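Dropping a structure here in structure tokens format, bear with me for questions.
Bear in mind that the values in this text are calculations on the coordinates, not laboratory data. These figures come from a predicted structure and were not determined experimentally. Glycine gets a Cβ as well: all are built from the backbone with ideal geometry, and neighbour counts include every protein chain shown.
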Amino acid sequence: MDDRRIVALYWERSEQAIAETAARYGNYCYAIAYNILDNHEDAEESVNDTYIDAWNSMPPHRPSVLSTFLGKMTRRISIDRWRKRRAEKRGGGEMPLVMDELQECAAEDKSMEQAYEKQRLGEVINAFAKALPETERRVFLCRYWYMDSVASIGKQFGFSESKVKSMLYRTRVKLRAVLSKEGFA
Amino acid sequence: MRADDILDAIGHVDEVYVRRAKEKRRYRKAVWITAGSLAACLLLAVLLPGVVTHFAGSSGGDLPGDEPTHDVEIVPAYDDIWIYYAQDGQMARAEEYCTLQPSSVFALWKEKNGIGDEVELIECRIDGDSATATVEDNGEDTVSHEVGNHFILNVTVSKNIEAYYQPIGRELLLESLKQTMTGYSGLVFDACNIYFA
């Protein structure tokens, strides 16, 4: 069943929508969640929460590409769950490494509170990603959007792990420079 | 600003780039089609289904029903193309990385112009002054195709595109569609007609 028909099921409030979503995108969402949480039960809970969020979001939303719509939800839900576990000092996987890497681009210990600051940061990072050469952008997003391991990124692109690490390091240096110029660091 | 803020902000990167990050790229032996051969092949594929078709770069064609003599796979080409769209009453364009297939290009054009899924690409056809003839040679029929010099692109879209004339502007919208659909293939078109069905 294609995306348009699945979205139509949500709009008709048919429970078949969840079954069709699970059949088509269950594995995709699970992979995103597991990358972040490194735990089967937590990843499954995140995927189930994604289905609930999707049910509550459509209507009014009518996404043309369901995969990224659902993927964004799963990513957000899983990161929130990971943060709760971090507070409880639990968990492992890729997230501690990803956070250490991104900390190189951050400046202070103080989190941004203002909504407009967060929105502006989102716009700056979006423009930064858009300006990257294509392969560098794909590697950057595989690491920091999908939380793929360096090994699996290397396998996907046919690169050695050291090449992936070098590429990511150079991109983080560029990102830090952009954030500094924009007044974030 | 902390690492958590950057992590959250990365979640807002354009969905197009997020999707492309995971696209599988196949690198098996590909057969590249030149612009002239593309037009010839499109017409032949429509008119003469049993004809032996030669692709640039291959060592020969296979007759229908034969076992393949070499491992050649035609893969859709990807490239950076210009997508034209309306912005603040003017024509703008953005470079996008896309499969060089009319359906994919059309989908990106819709996305940039804020047009919904209900508007469909029904047909995208190249017409021209190419000529095909069957010649008898030593008792066997041989098909020869002469690629012409003039190409016309005919694009048919669903009629419900009219719903978007009011907010965007009919002339601007249709011109952006023409420029997008004629610009990505490398062919130089003498004209582009848009039909509604």
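Just tell me which lysines come within less than 16 Å, Cα to Cα, of A:Lys165; anything on the same chain fewer than 8 places away is out.
A:Lys155, A:Lys174
To the nearest whole number, what is the average tally of beta carbon atoms from other chains within 10 Å of the beta carbons of peptide A:58-66?
Partner Cβ neighbours, averaged per residue: 2.
From the Cα trace of the range A:11-68, what convex hull volume per residue do you get, rounded to a whole Å³?
Hull volume normalised by residue count: 78 Å³.
Need one value for A:123-132: mean number of C-beta atoms belonging to other chains within 10 Å of its residues' C-beta atoms.
Per residue, the average neighbour count from other chains is 4.
Exceeding 21 Å between C-alpha atoms, which entries from my cross-link table qualify? They are A:Lys130/A:Lys181; B:Lys110/B:Lys178; B:Lys24/B:Lys110.
B:Lys24/B:Lys110
Put a dot 7 Å past each Cα toward the Cβ at B:Val188 and A:Arg5; how far apart are the dots in nm?
Result: 4.5 nm between the two label points.
Can you give the average number of partner chain beta-carbon atoms within 10 Å of each beta-carbon in peptide A:145-154, as a whole number?
2
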